[in-house]
Amino acid sequence: MDKEDREVIDQMLRVDHAGQWVARQICEGQLAVLRSTLDGPQLELRLSEKREHVDKLKELLPEYRVRPTALLPVLGAASYALGVGSAALGSRTAQAVATALDTVRLHLTPHA
């Protein structure tokens, strides 16, 4: 693998890991507020999927010798707060945030 390919893989894995971590933390925050509501089971499923994605990326990072972003703790705290805040405003707001995340993911997927 040449240097240019290596840099692209590094960037892709780092960005994907950060994005999945953010999505997971948002789900964690939403679930903390909405667990006992009708939205709870759907959020549990979404969180389970996000955990699987993060776990897979955590395996790939060392395999390709890629460090996660240094901003991960800040991103995690801010994302969790966004999840809690959006859920506190109601399930429709929480769903709007989830839809926005999916839209961003779909927009970025063809470029990955």
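The values are calculated or read from the model by the stated rules, or taken from the named source; none is laboratory data. Remember, predicted model here, so these are calculated numbers, not experimental data. Because the Cβ atoms are built from the backbone with ideal geometry, glycine has one as well, and the counts that use them run over all protein chains shown.
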* To do: Considering each of E28, E52 in turn, give the residue that is under 26 Å from A94 (Cβ atoms), surrounded by fewer than 19 Cβ atoms within 10 Å (Cβ to Cβ) and in contact with a Gly (Cβ under 7 Å, 6 or more places away or on another chain).
  => E28
* Do the conditions hold for L61, that is, is it touching a residue at least 24 places away in the same chain (Cβ under 8 Å) and in contact with a Pro (Cβ under 8 Å, 6 or more places away or on another chain)? -> yes
* Top-ranked residue of segment 1-22 - restricted to ones that are at pLDDT below 90 and among the basic types (K, R), ranked as farthest from R67 (Cα to Cα) -> K3
* Structure fact -> Given the conditions (1) assigned to a helix (DSSP H, G or I); (2) farther than 30 Å from D5 by Cβ, every one holds for L38 apart from (1)
* **All positions within segment 70-101 that are outside any helix (DSSP H, G or I) and either exposed (fewer than 14 other Cβ atoms within 10 Å of the Cβ) or among the charged types (D, E, K, R) (or both)** => A70, L71, L89
* Asked: Among the residues of segment 85-94 satisfying the criterion of being polar (S, T, N, Q) and touching a residue at least 24 places away in the same chain (Cβ under 8 Å), which is farthest from R24 (Cα to Cα)?
  -> S91
